[in-house]
Structures are given as structure tokens and as C-alpha cells.
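Have a look at the structure below before the remarks.
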Amino acid sequence: MLHIGAHLSSSKGFTGIAKDALQIKADTFQFFTRNPQGFKAKDIDESDVQNFLKISEEHHFQKFVAHAPYTLNPCSDKPETREFAEMVFKDDLKRMEYVPENYYNFHPGSHVGQGVQTGIEMISALLNKILTPNQTTIVLLETMSGKGSEVGSCFEELKQIIDRVDLKDKMGVCMDTCHVYSAGYDIVNDLDGVLEEFDHIIGLDKLKAVHLNDSKMPFASHKDRHEQIGKGTIGFDAIVRFINHPRLKHLPFVLETPNDLNGWAQEIKFLRENFNG
Ligand code: FE
Ligand code: FE
Ligand code: ZN
């Protein structure tokens, strides 16, 4: 069974997300914990959460991915931006425990000229501040395309962050297919080689989720522009090989392709048809 979903709107609460997921025949999904600019999150509505947990169980939903706002930057050169990141991260992780045992994904950060090493130190310092031994949420570092001064466009940088975190069992990685291809990992012609490299550097046991996207941009362009499945530079065949890879096929796949619900429903249908169990 292919576990797949899409990045859904959270404007109608968890129940709204569950309804959208069912409509597109998804059994996992992603949503923003607050608007992408990172302002106030809505208060948790306990009846909404209860209703969601009931639907989840009935329909065998898999673990989902909550996505931090893009503005969260733990390695900004501005102290107030780093404090904002800490506040958002802490608050989001607290709220995540209402829906235990899922994933919280974030973009590691942009070092804005301070250098990759400084970025890595600041990101891991924040993680050491906010992770707690009792949390059930696993925090995922997203693989980045390497635009601007992004940290995390190579496996070594992600590994260095995880290495500096005390509670390593609370950490994982989310691989974004568009981003890794843009970053220069050739998942089209050498998927085995890329996975071997990931396994060697980070360990495939740390890979917990996939953002399944095609890319508008050429290989190794370090640009981040998602495309619908099969319409970009990665293409149908490579994406079908990706979801069927024996070391990946069990993971939750989340589409972040430019689509509406109908478009995602079609992509999910196509991908399910091309999944070999
Ligand atoms: Fe992302
Ligand atoms: Fe992504
Ligand atoms: Zn992206």
C-alpha cells in the first residue's frame, strides 16, 4: 500500500484536513502549523482534535507532517528572528502533543552570510533548547535546494546538525525530491547511488518522510520551483521508480505540487496505479 497525501489547507482545522484527505484518497498529509509568514496559530479546539483522531483511526491514516512556517530561521543574524524561531518552535511542539506521534518538519535555516558552520551551530543549539525527552513528535530537517545561504542542501550538513543534538532519537530527515535534484543529487539517473550516499552519511533509518515533487528547474540549479508530477525535469519514470524503491516504498509521501484538490486526487490515483505493492 502506497502511503501518500498532499499539502492541505489547515484553515478548517484538523477535521477539515481529514475531509480533504479523504476526498483525494490520501492516507497521510501535510499542513502549515500557522500561516507561512509565521504569525499567530489558532487555539487548539479539543473537539476538532477528537473528531480528527476518530476519522484517522477509522481510515487508517498514517503519520502526518506538520510544516513550520518558512520565516522560521534559527540561524538568522538578528537575535529577534532567532528568538521568534524559538517561540514558534516551542509553541508548535507543545500543540503537536494533542495529536501525538507525528512529524514536525522545518527548513533548517539560512545563515545569511555568517557561514555554514555558524548556521549549523545555531540550528543545533535551538534544537537542544526545545527538544524534550518526553515529546512524541519527531522533528524532521528538510533537504534544501541550496538557494541563497540555505543550510541543509547536502547530506553532510544535515548529519552535522543531528550529530550536535543531544536527543538524536527525536530527529529525522524529510527528503524533498525537487530540492535534492536541484541541489545536485541525481535521483533520475542514479537513485541507488544517492540513497547509498544518504545511508552512508546520515543513515536511511533517519529518513522518515518524502516531499514528492517534480521540478521546474534543471538538475543542480540550486533553485526551488516545484512542478506537477511528470511535467518537470524529474519526470514520471524517475518518480515512479522513487516510490517503488525497496528502501523508500514504506515511507509517507506528501505532494507539494502546484495543484488544487482535484489535481492532487489525479496524481494520487496515478501514483497508486503505478505502485507495485
Ligand atoms: Fe518545505
Ligand atoms: Fe518540501
Ligand atoms: Zn520547495
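The values are calculated or read from the model by the stated rules, or taken from the named source; none is laboratory data. Just so it is clear, the model here is predicted, and its values are computed rather than measured. FYI the Cβ positions are ideal-geometry reconstructions off the backbone, even for glycines, and counts take in every protein chain you see.
The sole residue among 234, 239 that is within 16 Å of ligand 2 (Cβ to nearest atom), hydrophobic (A, V, I, L, M, F, W, C), in contact (Cβ under 8 Å) with a residue 60 or more places away in the chain and more than 14 Å from residue 7 (Cα to Cα) is 239. Quick one: would you say residue 132 is modelled with pLDDT of 95 or more, under 17 Å from the mean Cα position of the chain (by Cα) and of a type in the set (S, T, N, Q)? Considered against the rule, which asks whether it is modelled with pLDDT of 95 or more, under 17 Å from the mean Cα position of the chain (by Cα) and of a type in the set (S, T, N, Q), residue 132 comes out as no. Of all residues in the stretch 176-204, those that are free of Cβ contacts under 8 Å to residues at least 24 places away in the same chain have Cβ atoms under 7 Å from Cβ atoms of residues that are charged (D, E, K, R) and away from ligand 3 (no atom under 16 Å from the Cβ), 6 or more apart or on another chain, in 194/186. The listed residues are 214, 205, and the only one of them that is within 17 Å of the chain's Cα centre (by Cα), within 16 Å of ligand 2 (Cβ to nearest atom) and modelled with pLDDT of 95 or more turns out to be 214.
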